[in-house]
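Each remark here refers to the structure printed beneath this line.
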Amino acid sequence: MLSSVYAPKDFKRLRVSGDLVARCFDFISPHVVAGVSTGEIDRLVAQFLKDNGARSSDLGYMGYPKSICTSVNDVIVHGIPSDEVILKDGDIVNVDLTAEYHGFHGDASRMFMIGNVSNKARELVQTCQDALNAAISICAPGVPLSEIGKTIEAVVKPHGFSISHDFVGHGIGKVMHDEPEIFHFYDKMWDNVKMVPGLVFTIEPMINTGKPDCVIDADGWTARTVDGGLSAQWEHTLGITEDGVIIFTEKMNSSC
């Protein structure tokens with residue numbers, strides 16, 4: 001029995017939580033520019049969530065000290081915001097934001113390209129987003145979870161980029177991290193585990209220009225590429241419906 005399977009009434013609540021995450025990204029986007037510290041971005045997110053009656057799911061999780069993760073250039077995931085880290089021209093940065101609103105969590109991340117970004121960095125960021133979108137497009141009841149990784153590999157490998165095997169997507173809902181794990185590379189162990197209506201999970205591929213391996217900083221959180229290569233990540237929270245998939249962490253239309 002899969003964890004993270006929810007009823008239709010819960011999908012409505014997850015949609016509201018996801019909408020709040022999407023609106024928070026829209027709010028901070030104009031501020032993610034050269035000269036701004038990742039610490040300032042963290043404070044902007046914290047204030048937005050407070051003003052909207054939500055809280056950061058990350059803050060305090062297993063001792064994590066901030067409201068978001070900000071992963072710059074060679075950081076794959078879990079970069080800790082700091083007033084000492086100032087964004088500069090040519091940087092790429094991932095902002096990973098999870099919010100809890102009325103008991104349900106929404107989890108998403110976006111890449112931001114600062115100023116004049118190299119062609120290779122731009123290709124990396126776009127390829128990662130394309131891989132996420134392709135993986136979302138195949139999600140539906142009865143589809144094996146292994147198809148997610150297989151689809152991502154088909155998008156990423158022709159560009160010569162590598163896929164991190166150290167970090168995975170996950171079930172989500174009333175808790176931030178739940179089963180099942182979502183691999184972003186093909187593994188036959190997931191061939192016989194199929195998506196069912198009500199299943200809620202994240203897809204969040206992390207791809208690198210160099211090797212897929214990582215090293216962890218002394219802070220115990222920040223994971224960097226082992227060779228200093230650039231890394232990119234995009235993420236959405238999704239729910240399987242009777243006939244397809246819904247993206248919770250997109251902004252709702254006013255008619256919804």
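The values are calculated or read from the model by the stated rules, or taken from the named source; none is laboratory data. Only a predicted model underlies this, so the values are computations on that prediction, with no experimental measurement involved. When we count neighbours, we look across all protein chains shown, and the Cβ atoms used for this are built from the backbone with ideal geometry, even at glycine. Ligands, DNA and RNA are stripped out before the accessible areas are found, and what is left, the full protein with its side chains, is counted by its heavy atoms. Shrake-Rupley method; radii C 1.70, N 1.55, O 1.52, S 1.80 Å.
Each Lys and Arg adds +1 at its Cβ and each Asp and Glu adds -1 at its Cβ; summed about the Cα centre, the chain shows a dipole of about 520 debye.
In Å², and per residue, what accessible area does the chain have when probed at 1.4 Å with the other protein chains present? Provide the component values of the computation, followed by the final result.
Details: 11000 Å² over 256 residues.
On a per-residue basis, the chain sits at 43 Å².
Rolling a 1.4 Å probe over the protein heavy atoms leaves ARG122 with an accessible area of roughly 100 Å². At full extension, ASP83 and ASP51 could sit 9.3 nm farther apart than now, given 0.36 nm per residue minus the alpha carbon distance. Overall, the accessible surface of the chain at a probe of 1.4 angstrom is composed of carbon and sulfur to the extent of 52 percent. Ranked from largest to smallest solvent-accessible area, with a 1.4 Å probe on the protein heavy atoms, ARG55, ARG23 come out as ARG55, ARG23. Listed values for the stretch 18-32 are Karplus-derived 3J(HN,Hα) couplings in whole Hz (6.51 cos²θ - 1.76 cosθ + 1.60, θ = phi - 60°), namely x, 4, 4, 4, 4, 5, 5, 4, 4, 5, 7, 3, x, 8, 8, and x replaces Gly and Pro.
The phi-based Karplus calculation (6.51 cos²θ - 1.76 cosθ + 1.60; θ = phi - 60°) puts the 3J(HN,Hα) values of the stretch 235-240 at 8, 9, 9, 10, x, 7 Hz, whole numbers, x for Gly and Pro.
Would you mind calculating the gained length between HIS177 and THR241 on full extension (0.36 nm times residue separation, minus the Cα-Cα distance), in nm to one decimal?
Values: separation 64, 0.36 × 64 = 23.04 nm, distance 2.04 nm.
The HIS177-THR241 span can extend by a further 21.0 nm.
Here the gap between ARG23 and ASP191, fully extended at 0.36 nm per residue and compared with their Cα-Cα distance, gives a gain of 56.9 nm.
Here GLN126 and LYS251 are evaluated by their C-beta separation; at R0 = 22 Å the FRET efficiency comes out at 0.55.
Shown are GLU100, GLU40, whose ranking by accessible area with a 1.4 Å probe and every protein chain present, most to least, is GLU40, GLU100.
Amide H contacts under 5 Å for LYS88: GLY35, restricted to partners 5 or more places along the chain or on a different chain, H placed in the peptide plane at 1.01 Å from N. A helix-only calculation puts the chain at -8500 deg cm²/dmol for mean residue ellipticity at 222 nm, using -39500 (n - 2.57) for each DSSP H run of at least four residues, averaged over all residues.
MET62 exposes around 150 Å² of accessible area when a 1.4 Å probe is run over every protein chain in place. Less than 5 angstrom separates the built amide H of ARG55 from those of GLU100, all sequence-distant by 5 or more or on a different chain.
Here's how it looks for HIS184: its modeled amide H is under 5 Å from those of GLY169, which are all 5 or more places away or on a different chain. The simple Förster model, with R0 at 30 Å and r as the Cβ-Cβ distance, assigns ASP217 and ALA154 a FRET efficiency of 0.40. Converting phi to 3J(HN,Hα) with the Karplus coefficients 6.51, -1.76 and 1.60 and the offset θ = phi - 60°, the stretch 37-48 yields 7, 5, x, 5, 4, 4, 5, 4, 5, 4, 5, 4 Hz in sequence order, with x at every glycine or proline. Only the Cβ atoms of Lys and Arg (+1) and of Asp and Glu (-1) were treated as charged; on that basis the dipole of the stretch 172-232 about its Cα centre amounts to roughly 180 debye.
Considering only VAL155, GLY63, VAL75, the residue lying farthest towards the positive end of the dipole of the stretch 57-160 is VAL155, judged by Cα position with unit charges set on Cβ.
Once a ≥ b ≥ c are taken as the square roots of the eigenvalues of the Cα gyration tensor of the chain, is the result rounded (a/c under 1.5), prolate (a/b larger than b/c) or oblate (a/b not larger than b/c)? Each step should come with its number before you reach the end.
Values: a/c = 1.68, a/b = 1.15, b/c = 1.46.
Oblate.
Rounded, prolate or oblate: which one fits the stretch 54-180, using the alpha carbon gyration tensor with axes a ≥ b ≥ c (rounded when a/c is under 1.5, else prolate when a/b beats b/c, else oblate)? Taking the square roots of the gyration eigenvalues as a ≥ b ≥ c, the stretch 54-180 is oblate. Accessible surface of ASP42, taken over heavy atoms with a 1.4 Å probe and every protein chain present, rounds to 10 Å². Given the options HIS78, HIS177, HIS102, which has the most mean-square fluctuation in a GNM of the chain, springs set between C-alpha atoms less than 10 angstrom apart? Most flexible of the set in this elastic network: HIS102.
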